[in-house]
Amino acid sequence: FEPEEEINMRCVARKGVGRDHAKWQPVATAVYRFEPEITINEDLMATLTEEEKIQFVESSPTPVFRYNDQTRKVEVNMPESYTYDGECVKWAEDVGKPGLVDIRAKEDTFLFTVESTGALPPETIVLNALKVLDAKLEMTKSELDIVKSEMDTAGVE
C-alpha cells in the first residue's frame with residue numbers, strides 16, 4: 001500500500017462442520033496401513049560380507065534394519081517404519097540372494113495415523129469419530145430390529 005491508502009471491506013465469518021465442506025475438517029490426513037511382519041533369512045544373511053550387510057541395511061530408505069557391530073548381524077530395527085517400497089527385497093534379488101528377507105503384511109494389525117490441522121488434537125479427532133461411528137451403528141441396529149420385528153409380525157422368515 002501507498003501511504004494514506006486503505007481498504008474498505010465487509011467480512012462475514014461462518015461456522016461450519018466437515019459434513020458441509022472439507023475446509024471445516026480438522027484432519028489433514030488420516031491413513032492406515034498394515035503392520036509389516038519382517039523375517040530375515042539368517043542362513044542367507046550369513047553368506048553376505050560385512051560390507052554387503054551394511055549395504056543391505058542402507059538399501060531401505062527408512063530405518064527398518066540396523067547393523068549390529070558387536071554381533072555382526074543385521075537386525076530388524078523399526079518394522080513400523082517400513083513403507084512397502086520393496087527396496088531391500090529388490091537389493092537382495094539384485095545381488096543374487098532372493099529370499100534374504102520376507103516381508104508380509106499382518107492383516108489383523110494395522111498402524112493408524114491421524115494428522116491434525118491444529119484445530120483439534122488427533123486424539124480428540126479419533127475419539128469423536130468413534131463416537132459418531134458408534135451412534136451410526138446403534139441407529140443401524142435399531143433399524144434392523146424394526147425390520148426383523150415387522151418380518152416376524154408378517155410371518156416372513
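Output the residues belonging to segment 91-107 that are charged (D, E, K, R) and either in contact with a strand residue (DSSP E or B) (Cβ under 8 Å, 6 or more places away or on another chain) or surrounded by fewer than 12 Cβ atoms within 10 Å (Cβ to Cβ) (or both). Spell out how you get there, then give the answer.
At the first step, the residues of segment 91-107 found to be charged (D, E, K, R) are 93-94, 97, 102, 104, 106-107.
The answer is Asp94, Asp102, Arg104, Lys106, Glu107.
Please count how many residues of segment 57-85 are in a helix (DSSP H, G or I) and out of contact with any helix residue (DSSP H, G or I) (no Cβ under 6 Å at 6 or more places or on another chain).
Number satisfying all stated conditions: 5.
Checking the conditions here, which among Glu6, Glu35, Glu80 is free of Cβ contacts under 8 Å to residues at least 24 places away in the same chain and either on the phi < 0 side of the Ramachandran plot or open to solvent by 50 Å² or more (accessible area, probe 1.4 Å) (or both)?
Glu6
For residues that are out of contact with any Phe, Trp or Tyr (no Cβ under 9 Å at 6 or more places or on another chain), open to solvent by less than 100 Å² (accessible area, probe 1.4 Å) and in a loop (DSSP other than H, G, I, E, B), tally how many sit in segment 14-24.
So the answer is 1.
Looking at segment 93-116, is at least one residue part of a helix (DSSP H, G or I) and free of Cβ contacts under 8 Å to residues at least 40 places away in the same chain?
yes
For segment 25-81, what are the residues that are hydroxyl-bearing (Ser, Thr, Tyr) and closer than 22 Å to Ala105 by Cβ?
Residues satisfying the conditions are Thr29, Tyr32, Thr39, Ser59, Ser60, Thr62, Ser81.
Criterion first (assigned to a loop (DSSP other than H, G, I, E, B), under 30 Å from Gly16 (Cβ atoms) and out of contact with any helix residue (DSSP H, G or I) (no Cβ under 6 Å at 6 or more places or on another chain)) does Leu130 satisfy it?
No, not satisfied.
The values are calculated or read from the model by the stated rules, or taken from the named source; none is laboratory data. Given the structure is predicted, the values throughout are model-derived calculations rather than measurements. Heads up, the Cβs are rebuilt from the backbone with ideal geometry, glycines too, and the neighbour counts pull from every protein chain shown. Just the protein is used for accessible areas: all its heavy atoms, side chains included, with ligands, DNA and RNA removed. Shrake-Rupley method; radii C 1.70, N 1.55, O 1.52, S 1.80 Å.
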